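The values are calculated or read from the model by the stated rules, or taken from the named source; none is laboratory data. If you're wondering where the values come from, they're calculated on a predicted model, not measured in any experiment. So basically every Cβ, Gly included, is an ideal-geometry build from the backbone, and we count neighbours across all protein chains shown. We work out accessible area using only protein heavy atoms, side chains counted, and drop any ligands, DNA or RNA first. Shrake-Rupley method; radii C 1.70, N 1.55, O 1.52, S 1.80 Å.
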Amino acid sequence: RIIKARPHIKQADFVLLQMEIPSETVECAINVAHEEHVPVVLNAAPAPQAPLAADLVSKLDTIIVNEYEAAVLTGTAVDTDSDAEKAARELQKMGAKRVVVTLGSRGALALAAKPILVSAKKVQAVDTVGAGDAFCGAFVTALAEGFDFADAVSFANTAAALACTKVGAQASLPARVDVESFWGQ
């Protein structure tokens, strides 16, 4: 089915994937997007059972992981911000151009040329289900609209924070206007 979607992939600004679909499908989509010169953002969630192949990671524009997923993929415990940077550097050594390690209430560590710690927006969290999805969707949206990497991570952090203020995955996804308003605060 991915092969049949090649014309649509070719026209995309980005391809956003996660690991809740079969790994063969993820690999095929990454390869097709790479062949079509479309940047791929992979949210490695849930953490894959097997390590990601270096040739696959090298085809990623950005890999997004939380602390647990970073630890699983790199073998590095991620308990502090410096641990997150170490894990991000390991993922970059595997070939990812850019890495984002989400750190929950501590924000996110973004690594391209240099590490940037992006602070989280403070909210009264009631449910974190859906925060990762909100983060990834907002991140790719921001990139597609021309935001620089650090601003895209900041915008995504804001969307994830807002998602934590409501119960459920889909119901918690914030409206664009709410993200923009809260981001500006």
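Just to confirm, what accessible area per residue do you get for the stretch 7-125 at 1.4 Å probe, in whole Å²? Display every interim value, and only then the final one.
Numbers: 5970 Å² over 119 residues.
With the other protein chains kept in place, the stretch 7-125 gives 50 Å² per residue.
At a threshold of 8 angstrom on Cα-Cα distance, excluding pairs fewer than six apart, so keeping six or more, what relative contact order does the stretch 93-171 reach in percent?
32 percent
Hey, for a label at GLN170 modelled as a point 7 Å past Cα toward Cβ, could you say which residues of the stretch 96-134 have their backbone N under 13 Å away?
none
Past 22 Å, Cα to Cα: identify those pairs from LYS59/LYS114; LYS59/LYS121; LYS59/LYS93; LYS86/LYS114, in the order given.
LYS59/LYS121
If the chain between GLN92 and ILE3 were fully stretched, how many nm would it gain, using 0.36 nm times the residue separation less the Cα-Cα distance?
Gain on extension, GLN92 to ILE3, equals 29.2 nm.
From the phi of every residue in the stretch 172-180, what ³J(HN,Hα) in whole Hz does the Karplus formula 6.51 cos²θ - 1.76 cosθ + 1.60 yield, where θ is phi - 60° and glycine or proline is x?
Karplus values, whole Hz, x for Gly and Pro: 8, 5, x, 6, 4, 4, 5, 5, 4.
Which one is right for this structure if Cα Rg over 2.2 N^0.38 Å is calculated from it: (i) 1.30; (ii) 1.16; (iii) 0.98?
(iii)
Just to confirm my numbers, what's the Cα centroid distance between the stretch 74-98 and the stretch 145-162 in Å?
Comparing the Cα centres of the stretch 74-98 and the stretch 145-162, I get a distance of 20 Å.
Can you list the aspartates and glutamates whose alpha carbon is less than 12 Å from that of LYS10, not counting same-chain residues fewer than 8 positions off?
Those aspartates and glutamates meeting the cut-off are GLU35, GLU36.
Taking the alpha-carbon distance from LYS122 and a cut-off under 17 Å, which aspartates and glutamates remain once sequence neighbours fewer than 8 residues away in the same chain are dropped?
ASP178, GLU180
If I take R0 = 22 Å and measure r between the Cβ atoms of SER181 and THR128 in this structure, what FRET efficiency does the formula 1/(1 + (r/R0)^6) give, to the nearest 0.05? List each step's numbers first, then the result.
Numbers: r = 21 Å, r/R0 = 0.97.
Result of the calculation: an efficiency of 0.55.
What are the ³J(HN,Hα) couplings of the stretch 130-141, residue after residue, when phi is run through the Karplus curve with 6.51, -1.76, 1.60 and θ = phi - 60°? Round to Hz, x for glycine and proline.
Listing the rounded values in order: x, 5, x, 5, 4, 4, 5, x, 5, 4, 5, 4 Hz.
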